[in-house]
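Read-outs: derived from the displayed coordinates by stated rules, not from any lab. Everything quoted here is computed from the prediction, not taken from an experiment. As a convention, Cβ positions derive from the backbone with ideal geometry for all residues, glycine included, and neighbour counts pool all protein chains shown.
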Amino acid sequence: ILNVEQSPQSLHVQEGDSTNFTCSFPSSNFYALHWYRWETAKSPEALFVMTLNGDEKKKGRISATLNTKEGYSYLYIKGSQPEDSATYLCALAGGATNKLIFGTGTLLAVQP
Amino acid sequence: EPEVTQTPSHQVTQMGQEVILRCVPISNHLYFYWYRQILGQKVEFLVSFYNNEISEKSEIFDDQFSVERPDGSNFTLKIRSTKLEDSAMYFCASRRTWMNTEAFFGQGTRLTVV
């Protein structure tokens, strides 16, 4: 059973700060790593789907990297804005039906 | 933009009652999932559904749970006799293809069993 861990559990930053979170996993036995952004009372929103060791993806101020050999992925937010406040979820896709196995999430609060 | 919709947004039910949680996945998607998050815990997989049958289920998904897609658009999760520990946020998700595509989630149904 894959165990996905995320750190930190929560993070408070000032507007304009850059920040990063970690997703770690013990095995490379999965099809893809997903990052989701989840605001309260809304649907989790897919940010990235990453499959290959060394993958780097970017969407605006947010980027992510994947290192399957050492078992981690980083999510970076450059110049945080209050609207970036959300829980960021990492999930591994695997098993017979490519189901998602989620980490604990990182709660980001950006103070104006 | 297409989206997954879930109803109701919040349901309160008495222990032992049956509940049906409803989801309308994105229309051209073929793979459907239910997940849940008990407060303070990780989001956890319940079941996946493809081609009108269950393709994988977790240990949580016991005989008290069932899913169906009765009319080609709705995708429902039924809990036959709810327990206090079934209280959670239940999410429906759908996916267009099996491999390496994002899953689109609904906004969730908060189920409270009293």
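Data for the structure
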| read-out | value |
| --- | --- |
| Principal axes of chain B: Cα extent on each, largest first, Å | 38, 27, 27 |
| Relative contact order of chain B, pairs being alpha-carbon contacts under 8 Å that are 6 or more residues apart, as % | 38 percent |
| Per principal axis, descending, Cα span of the range A:5-78 in whole Å | 36, 25, 24 |
| Label point distance in nm, A:ARG61-B:VAL12, each placed 7 Å from Cα along Cα→Cβ | 3.9 nm |
| Ranked B:ARG96, A:ARG37, B:ARG69, criterion: other C-beta atoms within 10 Å, fewest first | B:ARG96, B:ARG69, A:ARG37 |
| Sequence-distant aspartates and glutamates (8 or more away, or on other chains) whose Cα lies within less than 12 Å of B:LYS57 | B:GLU44 |
| Nonlocal amide H pairs with B:GLN107, under 5 Å, H built at 1.01 Å | B:GLN6 |
| Projected area, mean over directions - the protein assembly as shown, Cα convex hull, nm² | 12.2 nm² |
| Charge tally in the Cβ shell below 14 Å around A:VAL13, where Lys, Arg are +1 and Asp, Glu are -1, A:VAL13 excluded | -2 |
| For chain B, built as a Gaussian network whose Cα springs stay under 10 Å, the top-fluctuating residue of B:SER58, B:SER94, B:SER48 | B:SER58 |
| Restraint check, A:LYS57/B:LYS78; A:LYS42/A:LYS99; A:LYS69/B:LYS78, Cα-Cα greater than 30 Å | A:LYS57/B:LYS78; A:LYS69/B:LYS78 |
